[in-house]
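Right, one structure below, let's go through it.
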Amino acid sequence: MVESRQVDNVRTVTVNPPGSARRTGHAGGAVALLAALCGCATLSPEECQHADWRAIGYEDGVQGRDLGMLGKHRQACAKVGVTPDLGAYQAGRSEGVRVFCQPANAYQQGRQGYAYTGVCPADLERAFLASHGEGMVIFNLESAVQQVVDEIASINYAIEDAERRIAKANIALNEDKELTTERRRRLREDIEVLSREIGRMEGERDRLLVELGARETRLRDHVGGRGY
């Protein structure tokens, strides 16, 4: 987890090493991938045998699933000899899609990084796309913030690793009485190289902290005043 907070006008960042479990939000990685609305789960044999196709269509519509979902239902139900009621399904889906295509939901879909799959009717699509675009802008800004946070996390971990190696080298120099002169020389050289690398990484981290602040400001400015 990475936590950024202000302490005496200095931002501090606490991280876990790369690969550790962390909470993922709307911007869950350095480069966030847009998730398509697929609705991959379909019907069990028992559900097929007792299917209310209008209700199933409505649920698929509310979830923003395209008509390809009907093909999945048809394939699933063919195993038990059940054919979907196309008319009832389409009627229910048309009602559900109109719920899905409202601007408030469009904004949330965009903000979560979901791609639009072209399911909205013509009379709702323009407003949907406008709100979806607003949400997507924020998703992209959040992704940009997370990218810098991840870079800072990686640098912090590398600094900690270099510090551990320096500490180990110092222990050897101070406590190992059997070290050869050549080995002592190499350990001191390693410490010098690692110290310089830590200095370089700390400079890069400072630059990234400034960039993080700028990106967080852009995000706050854009989020402020949004209606959804």
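A short reminder: the numbers here are calculations on the coordinates, not readings from a lab. All figures in this text were calculated on a predicted structure; none of them were measured in a lab. Here Cβ is always computed from backbone atoms with ideal geometry, including for glycine, and neighbour counts include all displayed protein chains.
Sort 177, 168 so the one with the fewest other Cβ atoms within 10 Å of its own Cβ comes first.
Sorted ascending by nearby Cβ count, the order is 177, 168.
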Q) In which sequence would 50, 222 go, from the one with the fewest C-beta neighbours within 10 Å to the one with the most? A) 50, 222
(Q) For the range 56-148, which trypsin sites (Lys or Arg not before Pro) pass both filters: DSSP loop (anything but H, G, I, E, B) and at most 14 other C-beta atoms within 10 Å? (A) 79
Q: Report the relative contact order of the range 44-148, percent, no decimals, based on alpha-carbon pairs under 8 angstrom and at least 6 residues apart.
A: 28
Q.
Along the Cα→Cβ direction, 7 angstrom out, place labels at residue 130 and residue 164. What is the inter-label distance in nm?
A. 5.4
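Can you put 56, 159, 171 in order of Cβ neighbours within 10 angstrom, beginning with the fewest?
Numbers: 56 24, 159 17, 171 10.
Listed from fewest to most nearby Cβ atoms, that is 171, 159, 56.
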Q: Check cross-link reach from residue 177 to the lysines: straight Cα distance under 20 Å, and skip same-chain residues fewer than eight apart.
A: 168
(Q) 5 Å is the cut-off here: which amide hydrogens, built 1.01 Å from N in the peptide plane, fall below it relative to residue 115, excluding neighbours closer than 5 in sequence? (A) 35, 36, 37
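Compute the relative contact order of the range 135-228 as a whole-number percentage, counting only Cα pairs closer than 8 Å that sit 6 or more residues apart in sequence. Don't skip to the end; give the middle numbers.
Numbers: 41 pairs, mean separation 48.5, N = 94.
Reported as a whole number, the value is 52 percent.
What do you get for GluC sites (Glu not before Pro) in the range 126-226 restricted to DSSP loop and a cutoff of at most 12 other Cβ within 10 Å of the site's Cβ? Don't jump to the answer; show the numbers that get you there.
Values: sites: 134, 142, 151, 160, 163, 175, 178, 182, 189, 192, 197, 202, 204, 211, 216; in loops: 178.
Sites meeting the loop and neighbour criteria: 178.
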Q.
Based only on Cα atoms, what mean projected area does the convex hull of the range 135-228 have, in nm²?
A. 7.3
